[in-house]
Amino acid sequence: MSALLEPLTLRGITTRNRVWMAPMCQYSAPDSGPDTGVVTDWHLAHYGARAAGGTGLVLLEATAVSPEGRISPGDLGLWNERQTEGLRRLASFLHEQGTVPGIQLAHAGRKASCERPWRGGGPIGPDEGGWQTVAPSPLAFSDRDPVPTELTGEGIAAVVADFAAATRRALAAGFRVVEVHGAHGYLLGEFLSPHSNHRTDGYGGDFAGRTRLALEVVDAIRAQWPPELPLLFRVSATDWLADGGWTVDDTVRLAALLRERGVDLLDVSSGGNAPGVEIPVSPGYQVPFAARVRREAGLATGAVGLITDPAQAEAVVAGGEADAVLIGREMLRDPYFAHRAARQLGSGYDGYPRQYERAR
Ligand code: FNR
């Protein structure tokens, strides 16, 4: 029996297997007018195909909790009712296919207001359809990026409230898993790291100060999110900086705090908070971080990053390094990754769509 294709239960929700889709921006929502940030047919076809592909949990891309929290003008949003309504149809379709519908809630902080990748991906100013970015400290991500505005205490409280409101909308839209985007140098990750957080108030300084916003967001979400539904948190385990960055030790410490506050699984990624760092990228290179968190913090983990082969994914779960595997780019290449895994691993799992029976 395959460990990868065993169901996984978190609180009252069971994913039919441990092949999960990693959150990946599609930059395909309208960027102006009343439909700004609203789901399109692209999203329905794209996520729908991965659901028909047998995926256990489909995690929608970074979905902004406020307009200025978008990475690009084409990001999905969850700050109004129109966006909620649009997402309802998508969540319902995923559910009908036997996939658990999940959504990543995000604020891009100083890395917001960038062009879509196919238009260069660079920062865009307010006169080009972009906006002024915000961050823990007025420090640009890199030389080519604008200096963000330092968030005031009031601004921080508004961010927390925006995450809570987006959570209520995610529930109303029919999602059953929420993931907080605390990774890749976006707003919450910027607060975590001493590299990007130079504040001297209660939201900066030592470990307790820098983790405070992430924990407040988790508390605010948990207050809205029913106890029977799982809450995930995505973290960058390390900034990959030799000095002055967020470290794997910090991640293990944070994981224990998140567990106490009702986070059910840590989705363990890395990097994204400092440009030009050397990352020793290789197959499964982030898996050891997930394994360490699972072992030392006693929190379930998801492993992500260059996991492209069913046997490799199986080894991660069977070896106890993670409870689930998040497949990113390989799932863009092959929406049927879970079916492929079932075939290759010879498991009894069967999520094959009835409509495709004759192709079996
Ligand atoms: C991503 N990634 C990403 N991560 C995240 O937390 N939220 C997001 O919205 C996105 N968006 C996104 C878009 C695209 C096109 C790619 C390729 C990646 C990162 C992604 O979830 C994953 O962590 C990495 O791609 C590494 O996993 P793979 O691709 O090696 O399996």
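Tabulated data for the structure shown
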quantity: Label zone at Ala49 (point 7 Å along Cα-to-Cβ), backbone N below 13 Å, segment 319-349; calculated: 330-337
quantity: Theoretical gain in end-to-end length, Glu330 to Gln355 [0.36 nm per residue, Cα-Cα removed]; calculated: 6.6 nm
quantity: Potential lengthening between Asp35 and Asp249 on full extension [0.36 nm per residue; Cα-Cα distance subtracted]; calculated: 72.8 nm
quantity: Net lengthening on full extension, His95/Asp143 (0.36 nm per residue, minus Cα-Cα); calculated: 12.9 nm
quantity: Under 5 Å, built H, 5+ apart or other chain: amide partners of Leu60; calculated: Gly102, Ile103, Gln104
quantity: For segment 110-121, 3J(HN,Hα) per residue [Karplus equation, 6.51 cos²θ - 1.76 cosθ + 1.60, θ = phi - 60°, Hz, x = Gly/Pro]; calculated: 6, 9, 7, 6, 10, 6, 4, x, 6, 10, x, x
quantity: With Cα atoms, 0 to 90° folded angle of helix 153-173 axis to the chain main axis; calculated: 20
quantity: Among Gly125, Gly69, Gly56: highest mean-square fluctuation, GNM of the chain, C-alpha pairs under 10 Å; calculated: Gly125
quantity: Solvent-accessible area, 1.4 Å probe, carbon plus sulfur percent, for the chain; calculated: 51
quantity: Inter-site label distance for Asp201 and Met1 at 7 Å from Cα along Cβ, in nm; calculated: 5.3
quantity: Residue-normalised accessible area of segment 8-348, expressed per residue, 1.4 Å probe, Å²; calculated: 36
quantity: Among Phe163, Leu241, Gly202 the positive-end extreme of the charge dipole of the chain (Cβ point charges); calculated: Phe163
quantity: Tilt relative to the chain, helix 287-297 - C-alpha long axis, 0 to 90 degrees, to 10; calculated: 80
quantity: Fraction of antiparallel bridges per DSSP, the chain only, in percent to nearest 5; calculated: 10
quantity: Dipole magnitude (debye, nearest 20) for the chain, charges at Cβ of Lys, Arg, Asp, Glu; calculated: 1060
quantity: Ile279 paired with Glu296, simple spin-label distance in nm, labels 7 Å along Cα-to-beta-carbon; calculated: 2.1
quantity: Positive-end residue of Gly174, Pro148, Trp118, charge dipole of the chain with Cβ unit charges; calculated: Gly174
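The values are calculated or read from the model by the stated rules, or taken from the named source; none is laboratory data. The structure presented is a predicted model; accordingly, all values stated were derived computationally and were not measured. Quick reminder, even Gly has a Cβ in these numbers, built from the backbone with ideal geometry, and neighbours come from all protein chains shown. The accessibility values were calculated without ligands, DNA or RNA, using every heavy atom of the protein model including side chains. Shrake-Rupley method; radii C 1.70, N 1.55, O 1.52, S 1.80 Å.
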